[in-house]
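J.: To start, I am sharing the structure in question, which I have written as structure tokens.
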Amino acid sequence: MSDRTQLWRMAPTELAPHEDALTRFQTELERAGGSSVCVGPGELVGEITATLAAAGAHRIALTADLGDARPVIAQALEIARYDVVDYDAVADDRAAVRDLDATVTGCLAAVAATGSIVTGATGAGRAGALVAPTHVCVVETRRLVDGLASLMRLAPRLGAGSMMALQTGPSRTADIEKTLIVGVHGPKRVHVVLLDGVLDD
Amino acid sequence: MSEDPLTSSTFAERARVQLAKPFLREAVPRATDIAVRDLRERFAGHDYDGLRELGREIRARTMADLEDALATLTDALVANGIHVHHAADAAAAREHIRRICRESDAARVVKVKSMATEEIALNPALVADGLEVTETDLGEYVVQLDGDRPSHIIAPIIHKTRAEVRETLSRVAGRELPDDASELTDFARERLRDAFMDADVGISGANFGVAETGTIVLVTNEGNGRMCTSMPRIHIALMGIERVIPTLEDLSVMLPLITGAGTGQLITSYVSMLSGPRGEGEPDGPEAMHVVLLDNGRRALLGTEYQEVLHCIRCGACQNVCPVYRQVGGHAYGWVYGGPIGAVLTPLFLGTEAGGELPQASSLCGACDDICPVKIPLHDLLLQLRRTRVDDGAAPWRERLAAELWAWAWSSPRRYRVVTRVGGEVVRVMAAAGLMSSLGPLGRWARGRTLPTPARRPFHSRGERDV
């Protein structure tokens, strides 16, 4: 038996034929403890600002994979009196990284069947999406892939650099008496902003 | 741990100690039941069996030509700028890692939970070199603080109560921490954050090594795997040579198997795919990455009847369903791997001298075979190990004598009839007199059980009229 084209029948990490990718992504992410919302290009900055405000974040880092949208988001956050830095500028400064309340990143891809976002060392860096208690990720809907198999086929062409990482919801542990605790070494809050449009516009 | 529990005690002795802990016998079945329930839930409507078959096929194909897969992996790792080291045994692996730490002037090491590093007893060696070593998986951190051992492949402190964890962490804090899992975790998070930021070297295992792309894959939930491979200057991954898989496509089959069988999750919170040190223009990551390929008894199993044990991806599912493990926990097995997989691996890796009795610690119910994500026939392997032990003359003489007498008595119809007749009579009389517990080894078995009194005439000797 080697018919991998039927992988979706066996693996819950694939999308069934005709299944809606966006709906599945949002459902799985929520199941994993994350949240998401769909916005148009005009609502993006407002959504990010509102999320950061709700999280009580002040010191924010933005990663390079936000592309041309980065300066625009940075400007809006500065006007709203947030302390904003580029992650690449502070990544080597341990104290600065430790002090971050939130990071805002883009992504290389997102996996619909598992609710995962995919970041790369070249864009969000290894730890850009990981170090702060709150992570806001902007996902252009065109970056959604069906399942793990599609992602792995695409992976060599994503330009992830020395690390590609899948992240699904917040960091978690169940080590103490099997009690689920959210937010161990990675973020406690993961909010995905699904952008119906492109970041570089 | 100064002396080796495997050689200084028997399984029965260790099991008795564990069985006397009421929490263990309650907590282990509860925790493992949750994992099995979640696995079934996640695969509802999907063909888990079909996926297991794909997984088995990938593992079998790879093991059939392991050297070829390893050569491809090594070439790809090197092409990615990763230093590759080969370790024939535990001592060689420790030596490689110690040397890398020495040559990079390291003072502090952070670790991702890794059974391979447990297997080579890495931490004591690094500590002896004057390095400060910190385990960063919450459970492993507590295990390390207590000088304990992990008791489950993926849930290292399954045997500990929250109160015990609180006591341990309070000792480190120097104050009474609240009796709340969330606050205990917060405390550990802050402590370990310092460790990540200050560390020179991050040491991990490897869940998989993808040959075609030269990628080390780490599967974690807490995020410590990502931190350990992002912050320190050096990353060292210790990988058992059997953890190689040929392609990224294979990874899309193996990932849902390991996370499903391991924790019942669709996917873990983090999956890191590491293909080299920090590259040009990347904002963070280690300056150098090393992979140590660990043999330590694995190659010797190739081409033997035990080859299939190399298919294991260390998910812990066989422990979750094993009726023996669920009662006695991981420590009773005496080494790093417990449960059915431990009962097979321990004698194969350490020799029958040390772990030879472990295959006896099984009811051969086959639950492990049924759940194993890559369909390892664990109970066949356990039986084969038992057979080998008898052939080697390592079984106790009383056990051998009993088996031989039994074989002699039951291999002729006449002898069989005489023995069952006489035996039945003896048991009947003794049971009636309440003397079963004085029957030697049989008595120990009869304690806590009510034996039905045998019929006056065995079924075998009744005629049609009687039936």
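Read-outs: derived from the displayed coordinates by stated rules, not from any lab. Computed from a predicted model, the values in this text were never measured in an experiment. Here Cβ is always computed from backbone atoms with ideal geometry, including for glycine, and neighbour counts include all displayed protein chains.
J.: Using all alpha carbons of chain A, what is the percent of pairwise distances in each 10 Å bin, ordered from the shortest bin to the longest?
T.: So the P(r) values, bin by bin, are 9, 36, 36, 15, 3, 0.
J.: Hey, what D do you get for the protein assembly as shown in µm²/s if you plug the Kirkwood alpha-carbon radius into Stokes-Einstein at 20 °C and 1.002 mPa s? Mind dumping the intermediate values first?
T.: Numbers: Rh = 26.7 Å.
Result for D is 80 µm²/s.
J.: Percent relative contact order of chain B, based on C-alpha pairs within less than 8 angstrom and at least six residues apart? Walk me through the numbers before you get to the answer.
T.: Working: 743 pairs, mean separation 94.6, N = 467.
Dividing the mean separation by the residue count of chain B yields 20 percent.
J.: Given the options A:Val139, A:Val90, A:Val118, which has the most mean-square fluctuation in a GNM of chain A, springs set between C-alpha atoms less than 10 angstrom apart?
T.: Of the options given, A:Val90 has the highest mean-square fluctuation.
J.: What are the ³J(HN,Hα) couplings of segment A:122-137, residue after residue, when phi is run through the Karplus curve with 6.51, -1.76, 1.60 and θ = phi - 60°? Round to Hz, x for glycine and proline.
T.: Residue by residue, segment A:122-137 yields 6, x, 6, x, 5, 10, x, 8, 10, 6, 9, x, 10, 10, 10, 10 Hz.
J.: With axes computed from alpha carbons, what is the tilt in degrees of helix B:181-198 against the longest principal axis of chain B, rounded to the nearest 10 within 0 to 90?
T.: Approximately 50 degrees, to the nearest ten.
J.: Okay, helix-only estimate at 222 nm for chain B: each DSSP H run of n ≥ 4 adds -39500 (n - 2.57), divide by all residues, round to 500 deg cm²/dmol; what do you get? Show your work: numbers first, answer last.
T.: Details: 22 runs with 235 residues, N = 467.
Value at 222 nm, helices only, nearest 500: -15000 deg cm²/dmol.
J.: What angle, in degrees between 0 and 90 and rounded to the nearest 10, separates the Cα long axis of helix B:413-432 from the longest principal axis of the Cα atoms of chain B?
T.: That helix lies at roughly 90 degrees to the long axis.
J.: Same structure again: Check each of the trypsin sites (Lys or Arg not before Pro) in segment A:27-108 and keep only those in coil by DSSP with at most 10 other C-beta atoms within 10 angstrom; list them in order. Display every interim value, and only then the final one.
T.: Details: sites: A:Arg31, A:Arg59, A:Arg81, A:Arg94, A:Arg98; in loops: A:Arg81.
Answer by residue number: A:Arg81.
J.: Along its principal axes, what span do the Cα atoms of segment B:328-368 show, with the longest given first and each in whole Å?
T.: 26, 17, 12
J.: Output the Cα-based Rg and Dmax of segment B:140-263 in Å, rounding Rg to one decimal and Dmax to a whole number.
T.: 16.8, 51
J.: Using a Debye calculation, one point per C-alpha and no hydration shell, please list log10 I(q)/I(0) for segment B:66-299 at q = 0.09, 0.10, 0.16, 0.18 Å⁻¹ in order.
T.: The Debye formula, applied to the Cα set alone, gives -0.36, -0.45, -1.17, -1.45.
J.: So, with +1 on the Cβ of K and R and -1 on the Cβ of D and E, and no other charges, what is the size of the charge dipole of the protein assembly as shown about its Cα centre, to the nearest 20 debye?
T.: On the way: 72 positive and 88 negative charges, 766 e Å.
Rounded to the nearest 20 debye, it is 3680 debye.
J.: So, one more: State whether segment B:1-153 is rounded, prolate or oblate according to the following rule on the C-alpha gyration tensor (a ≥ b ≥ c being the square roots of its eigenvalues): a/c under 1.5 gives rounded; otherwise a/b larger than b/c gives prolate, and the remaining case gives oblate.
T.: Values: a/c = 1.91, a/b = 1.07, b/c = 1.78.
Because a/c hits 1.5 or more and a/b fails to exceed b/c, segment B:1-153 counts as oblate.
J.: May I pose another question? For chain B, just give the cysteines left without a disulfide-compatible partner, judged by no other Cys Cβ under 4.7 Å.
T.: B:Cys101, B:Cys228, B:Cys312, B:Cys315, B:Cys322, B:Cys365, B:Cys372
J.: Per residue and in Å³, how big is the convex hull formed by the alpha-carbon atoms of segment B:310-389? If you can, show how the numbers build up before the last one.
T.: Numbers: hull volume 6.2 nm³, N = 80.
Residue-normalised Cα hull volume stands at 78 Å³.
J.: Note down the magnitude of the dipole of segment A:21-195 about its Cα centre, charges +1 on Lys and Arg C-beta and -1 on Asp and Glu C-beta and zero elsewhere, to the nearest 20 debye. Please report the intermediate quantities before stating the final value.
T.: Working: 16 positive and 18 negative charges, 93 e Å.
Magnitude of the dipole: close to 440 debye.
J.: Amide H of B:Ala237 versus every other amide H placed in the peptide plane: which residues, excluding those fewer than 5 positions away on the same chain, fall under 5 Å?
T.: B:Ser204, B:His290, B:Val291, B:Val292
J.: Please identify, among A:Gln167, A:Gln75, A:Gln26, the residue showing maximal mean-square fluctuation in a Gaussian network model of chain A using a 10 angstrom Cα cutoff.
T.: Per the Cα network of chain A with a 10 Å cutoff, A:Gln75 tops the list.
J.: Then there's this: If a/c stays under 1.5 just call it rounded; otherwise compare a/b with b/c (prolate if a/b is bigger, oblate if not). Do that for segment B:1-63, with a ≥ b ≥ c from the square roots of the Cα gyration tensor eigenvalues. Don't jump to the answer; show the numbers that get you there.
T.: Details: a/c = 4.55, a/b = 1.63, b/c = 2.80.
Taking the square roots of the gyration eigenvalues as a ≥ b ≥ c, segment B:1-63 is oblate.
J.: For chain A, what is the calculated [θ] at 222 nm in deg cm²/dmol (nearest 500), taking -39500 (n - 2.57) for each run of four or more DSSP H residues and dividing by its residue count? Please report the intermediate quantities before stating the final value.
T.: Details: 7 runs with 53 residues, N = 201.
Roughly -7000 deg cm²/dmol at 222 nm, from the helical runs in chain A.
J.: Hey, got a sec? Which GluC sites (Glu not before Pro) in segment B:275-309 land in a DSSP loop and have at most 12 other Cβ atoms within 10 Å?
T.: On the way: sites: B:Glu280, B:Glu287, B:Glu305, B:Glu308; in loops: B:Glu280, B:Glu287, B:Glu305.
When the GluC sites (Glu not before Pro) of segment B:275-309 are filtered for loop state and at most 12 Cβ neighbours within 10 Å, B:Glu280, B:Glu287 remain.
J.: For segment B:396-436, what is the convex hull volume of its Cα atoms per residue in Å³?
T.: On the way: hull volume 2.2 nm³, N = 41.
Enclosed volume per residue, from the Cα hull, is 53 Å³.
J.: Which three extents, in angstrom, do the Cα atoms of segment A:108-201 have along their principal axes, listed largest first?
T.: The Cα atoms of segment A:108-201 stretch 44, 28, 25 Å along their principal axes.
J.: Let me ask something else about it. So what's chain B giving for Cα Rg divided by 2.2 N^0.38 Å, two decimals?
T.: In units of the 2.2 N^0.38 Å rule of thumb, it is 1.11.
J.: Give the angle, between 0 and 90 degrees and rounded to the nearest 10, that separates the Cα long axis of helix A:44-54 from the longest principal axis of the Cα atoms of chain A.
T.: On a 0 to 90 degree scale, this one is about 70.
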